[in-house]
Amino acid sequence: MTRLGIAARVGLLGTLLAIVAPVQMVASRRGARLAHRLPLHFHRLFLRLFDIRVTVRGTPPEPGHPTLVLANHVSWLDIPVMASLMPLSFIAKREIASWPVFGFCARLQRCIFLDRTRKAATAEANAEVAERLAGGDAIVLFPEGTTGDGIRLLPFRSSLVGAAQAALAESAHEEIRLQPMAVTYVRRYGLPVTRREMPDIAWYGDMELVPHFLACAKGGPLDVVVTWGAPIPFGRGTDRKRATSGAEAEVRRGLHPR
C-alpha cells in the first residue's frame, strides 16, 4: 500500500471518528447498547481498509456472562483485531489515557485504565471491573503485562488476574469465567510470516508508533488467526496462580494454528 493510499484510508477513518464519537460518548453515558456496537463496526471497517483478514477458531464467550479474557499481546493491532469480533473493553495502563488520538479512542472503547503504582487507583479500577463484569461485559486483560515480539509468549503474571478476585469480592456473582484467547499473525500475501517480517507487525520495546503503523500498513494483506481456548471457571476460592497457569497453557496451545 502506498503512502497516499494509507493517508486516504486514515482520512476516511478520521472523518468517521469525528462523526460517531459524539454519538458514542452519549450512548456510553446512558448505558445504551449502541455503545457496544459502534466500536465493533468501526474496527471491522479498519481491518477491511487495511486488508487484515481474521479467522476465528474455538467458541467465544457467551454474551452477557461475566468474562475476563486473558490474551497474549503482540501489537497495537491486537486491539482492532479483538474488538472486531464482539463487544469488548480492555484493561489498559494509565499512560494510554494521555496519548493523542489513541487515548481518546481508548475512552470511546470504554477501556478501564489501571495505574499499578498506586494501590488506591488499583482498588478503583478493580471496582470498575467488578461493576462492568456484573453488567455482563467481556473485558480483556493482557497478563503478560507488556507486548511481546510475536515469536514467544511471555510468562503470565498472576498478580494482574487479581482483578478477577477483586471483582468477585465487589459483586454478587459467585463465579466469572477466565477466557483464554490467542492472537497469531500468520500470513502476508498468503505466505507464512517470517521472523524477519515480524518486527513490522509486533510493536514492542521502544518502537515509535507512527513509523511502525506505516511499516505495518505498507506490508500488504495480513492474515490473523484468533483462537478461543477452553474457558476456566473462576470462583471466590479459586487458586489465582493455578488459574493463570491454566490460561497461559491454553493461549500457548492456540498460538500454533495449523
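Reported count of residues in the stretch 1-25, each being farther than 17 Å from PRO39 by Cβ and aliphatic (A, V, I, L, M), is 6. On the stretch given as the stretch 1-58, residues that are more than 22 Å from ARG188 (Cα to Cα) and of a type in the set (Val, Ile, Thr) total 5.
Residues in the stretch 54-98 that are among the acidic types (Asp, Glu) and closer than 23 Å to HIS212 by Cα: ASP78, GLU95.
Among helices (runs of 4 or more DSSP H) entirely within the stretch 147-258, having at least 2 residues that are of a type in the set (S, T, N, Q), touching a residue at least 40 places away in the same chain (Cβ under 8 Å) and under 27 Å from GLU62 (Cβ atoms) singles out 240-254. Restricting to the stretch 211-239, and then to whatever is out of contact with any Gly (no Cβ under 7 Å at 6 or more places or on another chain) and among the β-branched types (Val, Ile, Thr), can you tell me which residue is surrounded by the most Cβ atoms within 10 Å (Cβ to Cβ)? Looking at residues that are out of contact with any Gly (no Cβ under 7 Å at 6 or more places or on another chain) and among the β-branched types (Val, Ile, Thr), I get VAL224.
Every read-out reported here was derived from the displayed coordinates using simple, explicitly stated rules and does not represent laboratory data. The shown structure was predicted, so the numbers you read here are calculated from the model rather than taken from an experiment. Counting neighbours? That spans all protein chains shown, and the Cβs are built from the backbone with ideal geometry, glycine included.
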